[in-house]
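Q: Pasting in a structure now, in structure tokens, and then I'll have a few things to ask.
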Amino acid sequence: MKRIKEIGYVPNINFSLHDVEEESKELSLYVHSEKLAIVFGILKLDPEIEILIQKNLRVCGDCHEATKFISKVSGRKITARDSHRFHHFTGGFCSCGD
Ligand SMILES: *[C@@H]1O[C@H](CO)[C@@H](O)[C@H](O)[C@H]1NC(C)=O
Ligand SMILES: [Zn+2]
Ligand SMILES: [Zn+2]
């Protein structure tokens with residue numbers, strides 16, 4: 001999260017839980033399952049392997065934004081399949097065009 005903030009990621013607490021303290025909202029965004037899954041993939045998979053995550057619900061706007069930045073800082077290709085479509089992240093952009 002520190003590395004993507006350095007290149008311009010701004011947490012959007014509109015997507016955090018509503019029933020937590022204001023100062024906890026940013027932290028609660030960091031443990032969204034798709035962010036954890038992506039970071040786990042970066043840690044565990046060989047660099048040439050594309051990261052694929054699947055989610056039964058629609059990916060949240062903050063995770064979508066963060067994943068664009070993660071694809072940029074890590075140089076990894078990341079594909080996220082949510083309930084609506086595939087999102088192919090590479091070099092800071094998503095194939096869905098936001
Ligand atoms: C958060 O939600 C408010 C109210 O709907 C909206 O005005 C604002 O633009 C949103 N912030 C971001 C960063 O999307
Ligand atoms: Zn999220
Ligand atoms: Zn997308």
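The values are calculated or read from the model by the stated rules, or taken from the named source; none is laboratory data. From a predicted model like this one, the values you see are computed outputs, not experimental measurements. All Cβ positions, even for glycine, are placed from backbone atoms using ideal geometry, and neighbour counts span all protein chains on display.
Q: Look through region 64-98, keep the residues that are modelled with pLDDT under 95 and within 14 Å of ligand 2 (Cβ to nearest atom), and return whichever of them is nearest to residue 39 (Cα to Cα).
A: That would be 82.
Q: Every residue in region 76-97 that is touching a residue at least 24 places away in the same chain (Cβ under 8 Å) and either farther than 16 Å from residue 8 by Cβ or not aromatic (Phe, Trp, Tyr) (or both), please.
A: Within region 76-97, 76, 77, 78, 79, 80, 81, 82, 83, 84, 87, 92, 94 meet the criteria.
Q: Return the residues of region 32-54 that are near ligand 2 (Cβ under 9 Å from one of its atoms) and of a type outside the set (Asp, Glu); say none if nothing qualifies.
A: Of all residues in region 32-54, those near ligand 2 (Cβ under 9 Å from one of its atoms) come to 32-35.
Scanning region 32-54 gives 32, 33, 35.
Q: Could you give every pair whose Cβ atoms fall below 6 Å, whose first residue belongs to region 1-19 and is farther than 13 Å from residue 65 by Cα, and whose second residue is surrounded by 11 or more Cβ atoms within 10 Å (Cβ to Cβ), counting only separations of at least 6 or pairs across chains?
A: Final answer for the pair search is 3/73; 16/25; 16/28; 16/29; 17/28.
Q: Name the residue, out of 64, 32, 87, that is within 16 Å of ligand 3 (Cβ to nearest atom) and surrounded by fewer than 19 Cβ atoms within 10 Å (Cβ to Cβ).
A: It is 32.
Q: Would you mind stating whether residue 26 is within 14 Å of ligand 2 (Cβ to nearest atom), in contact (Cβ under 8 Å) with a residue 40 or more places away in the chain and charged (D, E, K, R)?
A: No: the conditions fail for residue 26.
Q: Kindly list, by first and then second residue, each pair from a residue in region 45-58 that is under 12 Å from residue 74 (Cβ atoms) to a residue that is assigned to a loop (DSSP other than H, G, I, E, B) and of a type in the set (Ser, Thr, Tyr), limited to pairs with Cβ atoms under 6 Å and residues at least 6 apart or on different chains.
A: Going by the 6 Å Cβ cut-off, there are no qualifying pairs.
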